[in-house]
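As structure tokens, the structure follows; a few thoughts come after it.
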Amino acid sequence: MLDRAALPALRSATASRHAAIEGLLQLESSTDPERFGAALQVFEAFLRVWEPMAADALPPAMRPWFEAHRRGHLATKDVRAFGLAQLDLGSLPELPMGSPALALGSTYVIEGSALGGMVIAKLMTDRFRTGADNGASFFAARRDGAASTWREFCAYLELGLADDPAAIAQACDSACLTFDRLAQAFDGHLPGQTRVE
């Protein structure tokens with residue numbers, strides 16, 4: 001029986017960063033389609049680099065699941081639906097993926113964003129009549145089976161970290177760093193913001 005120590009540790013370690021990135025995005029209060037489009041551009045550019053890195057570093061037993069649940073291609077589809085260009089965020093050199101624990105921590109952030117994405121997808125539908133076929137497929141990706149997909153991920157997370165304090169600490173550090181890199185990517189790319197150097 002798994003002790004399920006990893007998930008509470010990750011939630012606690014990333015709570016302030018999660019709140020900060022929601023405050024940065026401000027999508028729930030926005031009625032500006034350009035803001036949603038800009039957010040999609042950043043997610044698409046980030047995942048274009050991040051997904052291959054994660055796929056190579058995650059535990060081998062998890063890789064088929066990961067491949068089946070990738071969302072980067074949906075973000076690409078949505079960016080095109082908005083008539084926007086793809087961004088180049090570079091190679092994300094400061095986001096280490098040198099161990100399964102680091103990759104699992106980073107994936108925790110990306111999978112968590114999929115849950116929040118369902119709220120954003122509904123907002124896009126209500127405000128802009130945008131759905132999975134015309135610009136909201138990325139955010140709506142977990143619309144069907146969200147709870148079961150999250151449970152599957154959490155099972156892989158706990159199994160991969162094996163209640164090992166050192167591995168859990170690595171995962172927490174990686175999750176925090178992933179939030180930081182995402183925040184840096186959003187900085188300056190959202191309407192009304194100026195990039196801070």
Q | Flag if residue 109 is under 15 Å from the mean Cα position of the chain (by Cα) and either open to solvent by 20 Å² or more (accessible area, probe 1.4 Å) or free of Cβ contacts under 8 Å to residues at least 24 places away in the same chain (or both) | A | no
Q. Does any residue in segment 30-54 that is over 30 Å from residue 157 (Cβ atoms) come within less than 7 Å, Cβ to Cβ, of a residue that is aliphatic (A, V, I, L, M) and open to solvent by 20 Å² or more (accessible area, probe 1.4 Å) six or more places away or on a different chain, and which pairs are these?
A. 37/84
Q: For segment 154-169, state whether one or more residues are under 20 Å from the mean Cα position of the chain (by Cα), farther than 29 Å from residue 94 by Cα and of a type in the set (D, E, K, R).
A: no
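Here's the yes/no breakdown for (1) in contact with a Pro (Cβ under 7 Å, 6 or more places away or on another chain); (2) surrounded by 19 or more Cβ atoms within 10 Å (Cβ to Cβ); (3) farther than 19 Å from residue 173 by Cβ; (4) without any contact (Cβ under 8 Å) to a residue 40 or more places away in the chain:
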{"residue": "57", "(1), (2), (3), (4)": "yes, yes, no, no"}
{"residue": "62", "(1), (2), (3), (4)": "no, yes, yes, no"}
{"residue": "67", "(1), (2), (3), (4)": "no, no, yes, yes"}
{"residue": "73", "(1), (2), (3), (4)": "no, no, yes, yes"}
{"residue": "85", "(1), (2), (3), (4)": "no, no, yes, no"}
{"residue": "99", "(1), (2), (3), (4)": "no, no, no, no"}
{"residue": "104", "(1), (2), (3), (4)": "no, yes, no, no"}
{"residue": "118", "(1), (2), (3), (4)": "no, no, yes, yes"}
{"residue": "131", "(1), (2), (3), (4)": "no, no, yes, yes"}
Q: Any chance you could count how many residues in segment 95-138 are outside any helix (DSSP H, G or I) and among the hydrophobic types (A, V, I, L, M, F, W, C)?
A: 5
Q: Kindly establish whether residue 17 is open to solvent by 10 Å² or more (accessible area, probe 1.4 Å), part of a helix (DSSP H, G or I) and within 22 Å of residue 168 (Cα to Cα).
A: yes
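The values are calculated or read from the model by the stated rules, or taken from the named source; none is laboratory data. All values reported here derive from a predicted model rather than from experimental measurement. Methodologically, a virtual Cβ is constructed for each residue, glycine included, from the backbone with ideal geometry; neighbour enumeration extends over all protein chains shown. Just so you know, the surface numbers come from the protein's heavy atoms only, side chains and all, with ligands and any DNA or RNA stripped out. Shrake-Rupley method; radii C 1.70, N 1.55, O 1.52, S 1.80 Å.
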